[in-house]
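The values are calculated or read from the model by the stated rules, or taken from the named source; none is laboratory data. None of the values given here were measured: they were computed from a predicted structure. Positions of Cβ are generated from backbone atoms using ideal geometry, with glycine treated the same way; all protein chains shown enter the neighbour counts.
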Amino acid sequence: MAPMAEVVLKDVVKTFVLQVGGQAQLVNALKGVSFSVRPGEIVALTGPSGCGKTTALRIIMGLESASAGEVRVAGKHVQGCGHDRGMVFQHAELLPWRTALGNVKFGLEMKGLRGKELTERAESYLELVGLKESMGRRPHQLSGGMKQRVGIARALAIDPAVLLMDEPFGALDAQTREVLQAELLSIHAKTGKTIIFVTHDLDEAVLLADRVVLMTKGEVQDIIDINLPRPRPRGDVVAVRAHDEFVQKRYLIWKALHAGAISSVLH
């Protein structure tokens, strides 16, 4: 299993040119973003739409490059995608002609695995996310929640040091979302992976994360520690939500984001 890894962003800037009505317009998506994620930590990035949180995540993954600044994973500068990082998207983006097992095998095949080891590892990760009985189904035979489980298994199977998640449960119904939140807590307890995820859901951010990075207008507004014990009771998220720390930090984050939204409108 890959060791846990630290992630460091230092003065990361991202600019791009947007064509608006035939005019070229420079957009500053990130304006000197700096934060770090400790090995084995879960960190949530949250903030209003357009604040740069997904852009930051994509730069960590290597899907986009920073215009300035640096990103390091386990001490190494990020230069494109690598097997030390796995990504789970909002929509699973599964290959429709492959079974659940075949989709999980895909990333492993890219790493060069073949034969018995390939099959056994893919099966073990599908079992980890609770899909032992659905390995032979194709995507159109899976529910939305099951597709996301396959996406998580596919990302974990390559044994990344860091798991990146872009609103992984955002398109799911509330009940399925809670089930997968609990599943993620269980996976983290078993694997100890460093996890960074983007979410608009404040309950989700406080429930899952050790720290929450609040972003606004391409900048880090605040970083809030969530002092809830680990492992968190995956089978009783209601108990976590009733905890004083959950209630206080959820309100603190809401208040900070609400104040930022009002300030944005006024200015």
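Please go through the range 75-125 and pick out each residue that is without any contact (Cβ under 8 Å) to a residue 24 or more places away in the chain, on the phi > 0 side of the Ramachandran plot and either under 23 Å from the mean Cα position of the chain (by Cα) or in a helix (DSSP H, G or I) (or both).
Passing the criteria: G80, G115.
Output the number of residues of the range 1-42 satisfying the condition of being of a type in the set (D, E) and either in contact with a helix residue (DSSP H, G or I) (Cβ under 8 Å, 6 or more places away or on another chain) or not in a loop (DSSP other than H, G, I, E, B) (or both).
The number of residues fulfilling the criteria is 1.
Could you list, in sequence order, all residues of the range 67-96 that are of a type in the set (G, A, S) and within 27 Å of A153 (Cβ to Cβ)?
A74, G80, G82, G86, A92
Given the condition basic (K, R) and at pLDDT 90 or above, answer yes or no: does some residue in the range 205-215 qualify?
Checking the range 205-215: at least one residue is basic (K, R) and at pLDDT 90 or above.
Here is a check on your reading of the model: is I59 closer than 24 Å to K249 by Cβ and either among the aliphatic types (A, V, I, L, M) or free of Cβ contacts under 8 Å to residues at least 12 places away in the same chain (or both)?
Against the criterion (closer than 24 Å to K249 by Cβ and either among the aliphatic types (A, V, I, L, M) or free of Cβ contacts under 8 Å to residues at least 12 places away in the same chain (or both)), I59 does not qualify.
Of everything in the range 9-34, what is under 16 Å from T54 (Cα atoms) and either buried (at least 16 other Cβ atoms within 10 Å of the Cβ) or not hydroxyl-bearing (S, T, Y) (or both)? Give them in sequence order.
Listed by number, the residues that qualify are L9, V12, V13, K14, F16, V27, N28, A29, L30, K31, G32, V33.
Considering only residues that are closer than 13 Å to V104 by Cβ, among the small types (G, A, S) and not in a loop (DSSP other than H, G, I, E, B), which ones fall in the range 127-156?
S134, G151, A153, A155
Could you please find all residues in the range 43-74 being among the small types (G, A, S) and either assigned to a loop (DSSP other than H, G, I, E, B) or within 11 Å of I196 (Cβ to Cβ) (or both)?
Within the range 43-74, A44, G47, S49, G50, G52, A56, G62, S65, A66, S67, A74 meet the criteria.
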